[in-house]
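Have a look at the structure below, then the notes.
The values are calculated or read from the model by the stated rules, or taken from the named source; none is laboratory data. All values reported here derive from a predicted model rather than from experimental measurement. Reconstructed Cβ throughout: ideal geometry from the backbone, glycine too, with neighbour counts over all protein chains shown. We work out accessible area using only protein heavy atoms, side chains counted, and drop any ligands, DNA or RNA first. Shrake-Rupley method; radii C 1.70, N 1.55, O 1.52, S 1.80 Å.
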Amino acid sequence: MRRPRRRVLLYTGALVLIVVGAFPLFWMLSTSLKPSGEIFATPPRMIPARPTLENFSRLFTDTSFLTYFRNSATVSLTTVLLTLAVSALGAYGLTRFSFAGRDKVAGLILTTYMFAPVMIIIPFYILVKQLGIVNTHLALVLSYTTFCLPFCLWLLRAFFQSIPLELEEAALVDGAGRGRAVWYVVLPLALPGLIATAIFTFILAYNDFLFSMVLITSEELKTLPVGVNDLFNATIVDWGMIMAAGVMITAPAVVFFAASSAISCRAGAPAA
């Protein structure tokens, strides 16, 4: 009798968490499909009586949303590629080469992740200004990589440690060079870790507001969080358009997460 009760409580708790987490997303989607007169209707409707895509149409035609979206996609994907390349090389070096203080170096790298971004926003701005890259996407990519790298390197280090060294040595014995052994043996086995790193980096870069607000001043270079924030500064706040923007911002992140998870599951299926 105890096991069925535990299962009921477990499933009930999980259902409550799902409803609490999914309701804001459902309400955002519902509001984005409502005409202006229905958004503030009393009592509020959960499902639009007359669904319309007018809010999405005005979002694309009356604002620079597509430009913001392109900027965010460019910065986020570039950050993912740069972070994966650097963190994979660093994690490989920390797990395959022996040198004095190797574990201390790994711990020190993780310690840097303890500092909040707001603590170094001013020194970082001074640095990029001296380099002459203020108001460029390069400054954003470097800033996001700086904060993603410690955690990603530590995460990949754990994945590389779980890969038997004998597999790589067997590839070297068969005539493969170090680079080919890493590319064809180590990285495929570490694919779930690479995907987890990519998801973490993409979400951080895609959602960042602080660095984009400080480092970017040109309208044509703004990313989605800063560009959509300007919608709140209008004389009359258009909630339908804001909710439509929220749906369009959320959709790519969900698609990226779902695609990465599917690739990770396929990569892990043969090993299982």
For the range 147-173 versus the range 94-121, the gap between their alpha-carbon centres in whole angstrom: 16
Carbon and sulfur atoms account, in whole percent of the 1.4 Å probe accessible area of the chain, for 71
If one takes the longest principal axis of the Cα atoms in the chain, at what angle in degrees, from 0 to 90 and to the nearest 10, does the Cα axis of helix 191-207 lie? 40
The chain: radius of gyration over Cα atoms, expressed as a fraction of 2.2 N^0.38 Å: 1.25
If each K or R counts +1 and each D or E counts -1, the residues other than residue 38 whose Cβ falls under 10 Å of its Cβ total +3
Expressed as a rounded percentage, what relative contact order does the chain have, with Cα pairs under 8 Å and six or more residues apart? 31
Accessible area per residue, Å², the chain with all protein chains present, probe 1.4 Å: 60
Within the range 45-72, the residues whose backbone N lies under 19 Å from a label point placed 7 Å from the Cα of residue 29 along the Cα-to-Cβ direction are 45-57
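Within 10 Å, at most 10 other Cβ atoms, and a DSSP state outside H, G, I, E, B define an exposed site. Report the longest part of the chain free of exposed chymotrypsin sites (Phe, Trp or Tyr not before Pro).
On the way: sites that count: 40, 97, 99.
Looking at the chain, 100-272 is the longest stretch - no exposed chymotrypsin sites (Phe, Trp or Tyr not before Pro) with at most 10 other Cβ atoms within 10 Å.
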Quick check: Cα centre of the range 40-61 to Cα centre of the range 1-28, how many Å? 29
Of the residues 254, 19, 134, which exhibits the maximal mean-square fluctuation in a Gaussian network model of the chain defined by a 10 Å Cα contact cut-off? 19
Return, ordered by residue number, the residues of the range 125-151 whose backbone nitrogen is under 15 Å from a label point located 7 Å along Cα→Cβ of residue 64. 135-137
Once phi is turned into ³J(HN,Hα) by the Karplus curve 6.51 cos²θ - 1.76 cosθ + 1.60 with θ = phi - 60°, what whole-Hz value does each residue of the range 256-263 show in order, with x for glycine and proline? 4, 5, 5, 5, 5, 5, 5, 5
